[in-house]
Each structure stands twice: as C-alpha cells, then as structure tokens.
Amino acid sequence: WVLHRLTELDRRMRDATDSYDWNGVYADIHAFCATDLSAFYFDVRKDAIYCDRPDSARRRAARTVLDHLHRCLCIWLAPCLVFTADEAWCARFGEEDSVHLQTYPNLPANWVDPELAARWARIREIRRRATTAMEQARTDGWLKSSLAAEVVLPLGPDERRLLDEEGWAEVLIASHVVLRHADDDAA
C-alpha cells in the first residue's frame with residue numbers, strides 16, 4: 001500500500017515538474033508523511049522494525065519500504081529543503097554523492113494498485129472507528145494501552161474479507177481481536 005502511495009506522489013511530482021504548477025504539491029507530501037506514514041504505517045510497523053528478528057520477512061519488507069521512502073522523499077524534497085535533503089541523503093549514501101545530482105526514481109509499474117488502495121482505505125476507516133473507541137476507554141481509565149485491548153470488531157460480510165483476526169490485531173495494535181458479524185446481538 002505504501003509503495004502504491006509512492007506511485008501516486010511520483011505522478012504528482014512529475015506532473016508538477018512538467019506543468020511548472022507546484023501548487024499544493026508539498027502539502028500533499030506533508031499530508032502523506034503525517035497521516036499515511038506517521039499516524040498509520042510507522043505506528044503499525046514499528047514493532048516489526050524494532051522487535052522482529054533481523055532475518056524475518058516482515059521486518060525485511062518494512063526496511064525495504066523504508067529505503068524506497070527515504071530515496072523518494074529526499075529527492076522530491078530536495079528543491080525546497082535543499083540542505084536538509086542533502087544531509088539526509090549523505091547520511092545514508094555518503095558524502096561523495098549529493099541528492100541534487102539524482103533524478104526522480106523510476107518506480108515499478110506493478111506498484112500501482114487502485115484496488116489495494118481502496119481496500120486499505122476501508123481498513124483505515126474501520127481502524128479509525130476502533131481506535132476512537134480504544135482512546136475513549138483509555139480516557140475513561142479502564143484501558144492502559146491498545147496492546148492490552150481485546151477488541152470485538154463488528155464487521156459486515158465484505159469487511160470480514162479485508163483481514164483476518166491476526167491482521168486486525170496487528171493493524172489495531174491490540175493483543176487480540178474477535179470478529180463478529182455486524183448484525184450480531186453480541187456485538
């Protein structure tokens with residue numbers, strides 16, 4: 001999903017470069033960093049990055065995504081964050097190279113996946129509902145952290161196909177998730 005989002009931003013950057021219309025481009029990059037990455041992807045993936053074994057497939061996949069993010073964001077932000085982008089680039093690739101000598105990365109066409117984007121938009125919408133309820137439980141004082149939560153998640157038939165219980169637990173950063181039909185009385 002993050003790689004798909006990179007292709008969307010790449011298209012936005014290339015269109016702005018071709019048209020010389022940069023209006024809103026950096027706001028889009030900021031929103032991507034703040035909402036998609038910080039508030040969602042990094043939140044969900046931080047345990048895999050910090051806690052999984054170095055050779056685990058999940059950790060290696062997350063690190064690969066981080067590498068693509070670093071490359072793209074440094075190159076895209078270089079025109080407006082001249083010194084910061086170069087410093088971030090050189091910290092990763094050495095002083096011999098400069099981000100200002102790079103061209104836009106050529107992202108693989110198979111990263112474009114509108115169906116995957118729609119699926120994750122729905123997952124994130126459901127996640128917002130669940131995390132809002134967990135935040136209320138935390139405010140009320142009967143939940144210390146989301147990892148202590150055992151979530152009962154009422155979902156419709158199409159929503160139940162989005163993720164299994166383990167996947168929902170990972171996305172919600174909860175210890176356990178039980179899926180229920182949205183029309184069950186027990187939900």
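In table form, for the structure just shown:
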{"read-out": "Filter result (assigned to a helix (DSSP H, G or I) and either open to solvent by 70 Å² or more (accessible area, probe 1.4 Å) or under 21 Å from Arg119 (Cβ atoms) (or both)) within the range 20-32", "value": "His30, Ala31, Phe32"}
{"read-out": "Count - residues of the range 84-111 that are part of a loop (DSSP other than H, G, I, E, B) and within 24 Å of His4 (Cβ to Cβ)", "value": "7"}
{"read-out": "Out of Asp86, Asp15, sole residue that is over 30 Å from Ala169 (Cβ atoms) and either hydrophobic (A, V, I, L, M, F, W, C) or in contact (Cβ under 8 Å) with a residue 12 or more places away in the chain (or both)", "value": "Asp86"}
{"read-out": "Exclusive hit being part of a helix (DSSP H, G or I) and exposed (fewer than 15 other Cβ atoms within 10 Å of the Cβ), set Arg58, Arg53", "value": "Arg58"}
{"read-out": "Pairs where the first residue, in the range 59-77, is touching a residue at least 12 places away in the same chain (Cβ under 8 Å) and the second is not in a helix (DSSP H, G or I), C-beta under 7 Å, 6+ apart", "value": "Arg71/Pro105; Cys72/Pro105; Ile75/Gln102; Ile75/Tyr104; Ile75/Pro105"}
{"read-out": "Unique residue being β-branched (Val, Ile, Thr), surrounded by 14 or more Cβ atoms within 10 Å (Cβ to Cβ) and at pLDDT 95 or above when the list is Val112, Val151, Val178", "value": "Val112"}
{"read-out": "Scope the range 1-14; condition surrounded by 12 or more Cβ atoms within 10 Å (Cβ to Cβ) and in a helix (DSSP H, G or I); matching residues", "value": "Val2, Leu3, His4, Arg5, Leu6, Thr7, Glu8, Leu9, Asp10, Arg11, Arg12, Met13"}
{"read-out": "Residues of the range 38-50 that turn out to be of a type in the set (Lys, Arg) and either out of contact with any helix residue (DSSP H, G or I) (no Cβ under 9 Å at 6 or more places or on another chain) or loosely packed, with under 15 Cβ neighbours inside 10 Å (or both), as a count", "value": "1"}
{"read-out": "From Leu101, Leu81, Leu143, Leu107, residue being without any contact (Cβ under 8 Å) to a residue 24 or more places away in the chain, over 16 Å from the mean Cα position of the chain (by Cα), closer than 19 Å to Asp10 by Cα and surrounded by 13 or more Cβ atoms within 10 Å (Cβ to Cβ)", "value": "Leu81"}
{"read-out": "Yes/no for Leu172 being surrounded by 14 or more Cβ atoms within 10 Å (Cβ to Cβ) and over 20 Å from the mean Cα position of the chain (by Cα)", "value": "no"}
{"read-out": "Among (1) more than 19 Å from Val171 (Cβ to Cβ); (2) loosely packed, with under 13 Cβ neighbours inside 10 Å; (3) modelled with pLDDT of 95 or more - the single one Thr35 does not satisfy", "value": "(1)"}
{"read-out": "Unique match (being of a type outside the set (Val, Ile, Thr) and in contact (Cβ under 8 Å) with a residue 60 or more places away in the chain) among Arg124, Arg138", "value": "Arg124"}
{"read-out": "Options Asp55, Asp67, Asp86; residue that is in contact with a helix residue (DSSP H, G or I) (Cβ under 6 Å, 6 or more places away or on another chain) and at pLDDT 95 or above", "value": "Asp86"}
{"read-out": "Flag for Trp76 being open to solvent by 40 Å² or more (accessible area, probe 1.4 Å), of a type in the set (Phe, Trp, Tyr) and touching a Leu at 6+ places or on another chain (Cβ under 8 Å)", "value": "no"}
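The values are calculated or read from the model by the stated rules, or taken from the named source; none is laboratory data. On a predicted model such as this, the values are computed, not experimentally measured, just so you know. A quick note on method: Cβ atoms are made from the backbone with ideal geometry, for glycine too, and the neighbour counts reach across all protein chains shown. Accessible surface is based on the protein model in full, side chains and every heavy atom, while ligands, DNA and RNA are left aside. Shrake-Rupley method; radii C 1.70, N 1.55, O 1.52, S 1.80 Å.
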